Amino acid sequence: ECGILLARKRGQRNLIAAADLKGIEEKWRAKLAKDEASIVDLVEAEDLEIATDLMTPYAHWITPVFAPKRFDTWFYLAEAPEDQLALHDGSESVESVWIGPQQAIDEFNAGKRTLVHATTKNLELLAEGGTVTGALSQASERKIVTVQPWVEQRDGKRYLHIPEGAGYRNLVREMPPQPVPQAGR
């Protein structure tokens, strides 16, 4: 979804260079986006190995049971290859911009950027790392606790909770009021 491919030609040490990625992306991106092919299909056809050795497990989130679109996702950190340029897919990701995690949070808080809750919380953890190296180091030392938010209602307000022990600050967030259904005319 972001146009970065953390992979090597089978048996090689260097990651795929941007020049090689361009052809791979032209051939596979639309198929992947339409679920006409999988990442396994791409890797096998292009004789690649995913560089899992460069990926550090970071977080595990499951959407709340009330969410209409559900996912169970592991997040990983990796340093982006120097010569690959991230380009959004226009569907899952809608903007390509390289900014620091704290700037993204600040822009979200100022109403200039839209972020989902899981992204905001993971950006907060990234910001604590200060640098790519710092974030990778912190992630390698942190115990990953599965986060599946839940809602509690108090005093007529709804609050989204995440579990303690997952390394996040601010475990409770007030949710905006739900729209009141209008009677038919």
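The values are calculated or read from the model by the stated rules, or taken from the named source; none is laboratory data. These numbers come from a predicted model, not from an experiment. Glycine gets a Cβ as well: all are built from the backbone with ideal geometry, and neighbour counts include every protein chain shown. The accessibility values were calculated without ligands, DNA or RNA, using every heavy atom of the protein model including side chains. Shrake-Rupley method; radii C 1.70, N 1.55, O 1.52, S 1.80 Å.
Over region 15-121, calculate the relative contact order: mean separation of alpha carbon pairs under 8 Å at least 6 apart, over the residue count, as a percent.
Reported relative contact order: 18 percent.
How many percent of DSSP beta bridges within the chain run antiparallel, rounded to 5?
Antiparallel: roughly 95 percent of the beta bridges in the chain.
Just to be sure I understand the model, the point goes 7 Å from the Cα along the line to the Cβ. What's the resulting ALA45 to VAL65 distance in nm?
Output for this residue pair reads 4.1 nm.
Based on Cβ point charges of +1 for Lys and Arg and -1 for Asp and Glu, what charge dipole magnitude is obtained for the chain about its Cα centre, in debye rounded to the nearest 20?
Approximately 720 debye in magnitude.
Can you tell me, using C-alpha contacts under 8 Å and at least 6 residues apart, the relative contact order of the chain as a whole percent?
19
Roughly speaking, what is the stretch gain from GLU174 to GLU36, that is 0.36 nm per residue apart minus the C-alpha to C-alpha distance, in nm to one decimal? Show your work: numbers first, answer last.
On the way: separation 138, 0.36 × 138 = 49.68 nm, distance 3.99 nm.
Residue separation times 0.36 nm, minus the Cα-Cα distance, leaves 45.7 nm.
What ratio of Cα Rg to 2.2 N^0.38 Å holds for the chain?
Expressed relative to 2.2 N^0.38 Å, the Cα Rg reads 1.21.
Determine the calculated [θ] at 222 nm for the chain from helices alone, applying -39500 (n - 2.57) to every DSSP H run no shorter than 4 residues and normalising by the residue count; nearest 500 deg cm²/dmol.
Roughly -9000 deg cm²/dmol at 222 nm, from the helical runs in the chain.
Whole number in Å², please: accessible area per residue of the chain, 1.4 Å probe, ligands, DNA and RNA not counted.
Heavy-atom accessible area per residue stands at 68 Å².
Hand me the GluC sites (Glu not before Pro) from region 4-90 located in a DSSP loop with no more than 16 other Cβ atoms within 10 Å, in residue order please.
Those satisfying the criteria are GLU36, GLU79, GLU82.
Could you please report the charge total around ASP106, scoring K, R as +1 and D, E as -1 over all other residues with beta-carbon less than 14 angstrom from its beta-carbon?
Details: positive: LYS112, ARG113; negative: GLU107, GLU124.
Its environment carries a net charge of 0.
Relative to the present Cα-Cα distance, how much length would full extension add between LYS143 and THR52 at 0.36 nm per residue of separation?
In short, 30.9 nm is gained.
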